[in-house]
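Visitor: Okay, handing you the structure first.
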Amino acid sequence: MEILKIDHLGIAVPSIDEGNTFWSEVLGLKMAGKETVESQKVTTAFLPIGQSEIELLESTAPDGPIAKFIEKKGAGFQHVAFQVADIKAALAELKEKGVKLIDETPRGGAGGAQIAFLHPKATGGILVELCQRD
Ligand code: ZN
């Protein structure tokens, strides 16, 4: 599997507008875009840092995965995303290695990326996302 870089770090926030204060006003990062992914009940905002980004995640519904995450663990670091050259090949390789996957096939994420999550049980407790951007 070819991992190209850390694409982004996902941070769960109760509200992007409020959660953005530290990142934008204190650190001076610029928000590059905001997008709602209805299928995931999430609104995301991307703040580029060099070749990587911070992704702020706000739930659009009380039963969405981000709302549930915040309920369970509180706001904060939620996932790390690795950009891969070929997400289908990467998933096939991980499956072959017996890694538990949340997504066996890639699905559409924010910014037109193809994404897939690995199960935290297979990674030592970290939610890992693979993404491919063409
Ligand atoms: Zn992400």
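What follows is calculated from the coordinates using simple rules that are stated; it is not laboratory data. Worth saying up front: this structure is predicted, and the values here are computed from it rather than measured. No Cβ is skipped: glycine too gets one built from the backbone with ideal geometry, and neighbour counts run over all protein chains shown.
Visitor: Full-extension gain between Glu35 and His119, please, as 0.36 nm times their residue separation minus the C-alpha to C-alpha distance. Could the numbers behind the result be given before it?
Guide: Details: separation 84, 0.36 × 84 = 30.24 nm, distance 2.44 nm.
Contour length minus the Cα-Cα distance gives 27.8 nm.
Visitor: Using the Cβ atoms and a cut-off under 14 Å, what net charge is assigned to the surroundings of Ala122, where Lys and Arg are +1 and Asp and Glu are -1?
Guide: Working: positive: Lys95, Lys97, Lys100, Lys121; negative: Glu93, Glu96, Asp103, Glu104, Glu129.
It works out to a net charge of -1.
Visitor: Provide the FRET efficiency to the nearest 0.05 for the Phe22-Arg107 pair, computing r from the beta carbons and using R0 = 41 Å. Walk me through the numbers on the way to the answer.
Guide: Values: r = 30 Å, r/R0 = 0.73.
That gives a FRET efficiency of 0.85.
Visitor: Let me ask something additional. May I ask you to derive the FRET efficiency for Ile49 and Lys100 from their Cβ-Cβ distance with R0 = 30 Å, giving the value to the nearest 0.05?
Guide: Step by step, r from the Cβ atoms, then E = 0.50.
Visitor: Modelling each spin label as a point 7 Å along the Cα-to-Cβ direction, I'd like the Ala92/Leu4 distance in nm, to one decimal.
Guide: Between Ala92 and Leu4, the simple spin-label model gives 1.9 nm.
Visitor: For the range 3-132, give the share of DSSP beta bridges that are antiparallel, in percent and rounded to the nearest 5; count only bridges with both residues there. Please report the intermediate quantities before stating the final value.
Guide: Details: 29 of 38 bridges.
The answer is about 75 percent antiparallel.
Visitor: Spelling out what I want: for every residue of the range 112-126, take phi, set θ = phi - 60°, compute 6.51 cos²θ - 1.76 cosθ + 1.60 (Karplus), and round to whole Hz; glycine and proline get x.
Guide: x, 6, 9, 10, 7, 9, 9, 6, x, 5, 8, 10, x, x, 9
Visitor: With θ taken as phi - 60° and the coefficients 6.51, -1.76 and 1.60, list the Karplus ³J(HN,Hα) couplings across the range 5-16 in order, rounded to whole Hz; mark glycine and proline as x.
Guide: Along the range 5-16, the couplings run 5, 6, 6, 7, 10, x, 10, 7, 10, x, 8, 5 Hz.
Visitor: Additional query: Given H placed 1.01 Å from N in the peptide plane, which residues other than close sequence neighbours of His8 have an amide H under 5 Å from its amide H?
Guide: Glu53, Ala81
Visitor: Over the Cα atoms of the range 3-132, each weighted equally, I'd like the Debye log10 I(q)/I(0) at q = 0.09, 0.12, 0.15, 0.18 Å⁻¹, rounded to two decimals.
Guide: -0.25, -0.45, -0.70, -1.00
Visitor: Let me ask something additional. Taking 27 Å as the cut-off for C-alpha to C-alpha distance, list the pairs among Lys73/Lys100; Lys30/Lys95; Lys73/Lys97; Lys68/Lys100; Lys5/Lys100 that go past it. Show your work: numbers first, answer last.
Guide: On the way: Lys73/Lys100 22 Å; Lys30/Lys95 37 Å; Lys73/Lys97 29 Å; Lys68/Lys100 21 Å; Lys5/Lys100 22 Å.
From Lys73/Lys100; Lys30/Lys95; Lys73/Lys97; Lys68/Lys100; Lys5/Lys100, over 27 Å: Lys30/Lys95; Lys73/Lys97.
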